[in-house]
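The values are calculated or read from the model by the stated rules, or taken from the named source; none is laboratory data. In this text, all values refer to a predicted model and were calculated from it rather than measured experimentally. Positions of Cβ are generated from backbone atoms using ideal geometry, with glycine treated the same way; all protein chains shown enter the neighbour counts. Note: areas computed on protein heavy atoms with side chains; ligands, DNA, RNA excluded. Shrake-Rupley method; radii C 1.70, N 1.55, O 1.52, S 1.80 Å.
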Amino acid sequence: MGELEYLLLQTNPHSISQASNSISANPASFRVRDGHDLAVVFLYVRIGIGTGTGTEGIFTNYYLYLFCSCAVNDYIQSVRGLACEILDLVAEGLWVPDKSVFSSLIRDVQSDSCFRLNHYPPAPMTLNKWDPSPSLNTASSRVGFGEHSDPQILTILRSNDVEGLQICTHDELWVPVPPDPNQFCVFVGDALQAMTNGRFVSARHRVLITNSVKSRMSMMYFGAPPLNAWISPLPDHKPILYKSFTWGEFKKAAYSLRLGDYRLNLFKTRTIDKAPWY
Ligand SMILES: O=C(O)CCC(=O)C(=O)O
Ligand SMILES: [Fe+2]
């Protein structure tokens, strides 16, 4: 894993067969197996709801911090298990003596991890200015979720079959991630970037909606440490690029910035001119 600078994994959810299948990523609705529409589940758990506007996007997201239905709860536990396995492999690959150094943070009962559902309505059709014949109607693309990196440790994303997710390469090219309800997409978050002292770099991503017929729906598990946990670069990786901070401090700083800002810049120990992702 020496020079690996960012991690985008697509992993097959078959190992999470039961829990994963009991929540389907059907565009019509996230339906749990016992027949209850997730909208019903929201009645119990609608702790937070956010909407993106302007440059940040046009998504609606639903945060599920609490236990809601067995299916959702099983799913969260299963993806947390997957996140922990991946983090243990990351630690192993970095030759860290304590393999659970990262995963223990999201296993902690006080962990600030959360689960979110995003809904992106279809992009409206626009008439081609030069040829108004209906066959040349095209879907205009619009920002569903603006460019950003996830602040947490690791994100496990699953979507329906509607395209839109893109990641940014080091050459600043936006690459589409093919939508596949049978795959998970795994993103390194800012906290893991700091803890690995930049060996793993949080993936910048965004959602551009082009589909004029179907809604994109996605669900994300964001694995995060407890608010009072210290995020510090591994000591044997020199030079140390980031100051230590608590997850609570980092969240507060993140809220004071815009979605697309490089939050970790606030915690750098020294200036690196070239790489914008440091
Ligand atoms: O909906 C998606 O595909 C991505 C959403 C996302 O990046 C996020 O919620 O942080
Ligand atoms: Fe994200």
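Looking at (1) within 12 Å of ligand 1 (Cβ to nearest atom); (2) closer than 29 Å to VAL96 by Cα; (3) out of contact with any His (no Cβ under 7 Å at 6 or more places or on another chain); (4) in contact (Cβ under 8 Å) with a residue 60 or more places away in the chain, which is the one condition that is false for PHE187?
PHE187 satisfies all of (1) within 12 Å of ligand 1 (Cβ to nearest atom); (2) closer than 29 Å to VAL96 by Cα; (3) out of contact with any His (no Cβ under 7 Å at 6 or more places or on another chain); (4) in contact (Cβ under 8 Å) with a residue 60 or more places away in the chain except (3).
Please indicate, with yes or no, whether at least one residue in the stretch 241-263 is at pLDDT below 95, open to solvent by less than 90 Å² (accessible area, probe 1.4 Å), aromatic (Phe, Trp, Tyr) and not in a strand (DSSP E or B).
There is at least one residue in the stretch 241-263 that is at pLDDT below 95, open to solvent by less than 90 Å² (accessible area, probe 1.4 Å), aromatic (Phe, Trp, Tyr) and not in a strand (DSSP E or B).
Surrounded by fewer than 22 Cβ atoms within 10 Å (Cβ to Cβ), closer than 26 Å to GLU85 by Cα and under 16 Å from the mean Cα position of the chain (by Cα): is that true of VAL201 in this structure?
Considered against the rule, which asks whether it is surrounded by fewer than 22 Cβ atoms within 10 Å (Cβ to Cβ), closer than 26 Å to GLU85 by Cα and under 16 Å from the mean Cα position of the chain (by Cα), VAL201 comes out as yes.
If I filter the stretch 139-153 down to residues being charged (D, E, K, R) and within 12 Å of ligand 1 (Cβ to nearest atom), which single residue comes out as farthest from PHE115 (Cα to Cα)?
GLU147
Answer with yes or no whether ALA229 is within 16 Å of LEU105 (Cβ to Cβ), in contact with an Asp or Glu (Cβ under 9 Å, 6 or more places away or on another chain), at pLDDT 95 or above and of a type in the set (A, V, I, L, M, F, W, C).
Considered against the rule, which asks whether it is within 16 Å of LEU105 (Cβ to Cβ), in contact with an Asp or Glu (Cβ under 9 Å, 6 or more places away or on another chain), at pLDDT 95 or above and of a type in the set (A, V, I, L, M, F, W, C), ALA229 comes out as yes.
Keeping to the stretch 176-194, report how many residues are of a type in the set (Gly, Ala, Ser) and surrounded by 23 or more Cβ atoms within 10 Å (Cβ to Cβ).
2
Do we find that ARG216 is open to solvent by 40 Å² or more (accessible area, probe 1.4 Å), charged (D, E, K, R) and either free of Cβ contacts under 8 Å to residues at least 60 places away in the same chain or near ligand 1 (Cβ under 9 Å from one of its atoms) (or both) in this structure?
For ARG216, the condition - open to solvent by 40 Å² or more (accessible area, probe 1.4 Å), charged (D, E, K, R) and either free of Cβ contacts under 8 Å to residues at least 60 places away in the same chain or near ligand 1 (Cβ under 9 Å from one of its atoms) (or both) - is not met.
Go through (1) open to solvent by 10 Å² or more (accessible area, probe 1.4 Å); (2) in contact (Cβ under 8 Å) with a residue 60 or more places away in the chain for LEU173 and report which single condition fails.
If we test LEU173 against (1) open to solvent by 10 Å² or more (accessible area, probe 1.4 Å); (2) in contact (Cβ under 8 Å) with a residue 60 or more places away in the chain, just (2) comes out false.
Listed residues ILE156, ILE167; which is touching a residue at least 40 places away in the same chain (Cβ under 8 Å), surrounded by fewer than 23 Cβ atoms within 10 Å (Cβ to Cβ) and within 13 Å of ligand 1 (Cβ to nearest atom)?
ILE167
Against the conditions (1) over 15 Å from GLN193 (Cα atoms); (2) not in a helix (DSSP H, G or I), where does VAL101 fall short? Just the number, please.
(1)
State all residues of the stretch 194-207 that are within 15 Å of ligand 1 (Cβ to nearest atom) and either within 21 Å of SER104 (Cβ to Cβ) or among the basic types (Lys, Arg) (or both); if no residue qualifies, say none.
Matches in the stretch 194-207: SER202, ARG204, ARG206.
Residues being within 15 Å of ligand 2 (Cβ to nearest atom) and closer than 30 Å to HIS237 by Cβ: count how many of those fall in the stretch 182-223.
20
Please tell me if SER159 is more than 29 Å from ASN73 (Cβ to Cβ) and among the small types (Gly, Ala, Ser).
no
Look at SER111 and say whether it is more than 16 Å from ligand 2 (Cβ to nearest atom), modelled with pLDDT under 95 and among the hydroxyl-bearing types (Ser, Thr, Tyr).
It is false that SER111 is more than 16 Å from ligand 2 (Cβ to nearest atom), modelled with pLDDT under 95 and among the hydroxyl-bearing types (Ser, Thr, Tyr).
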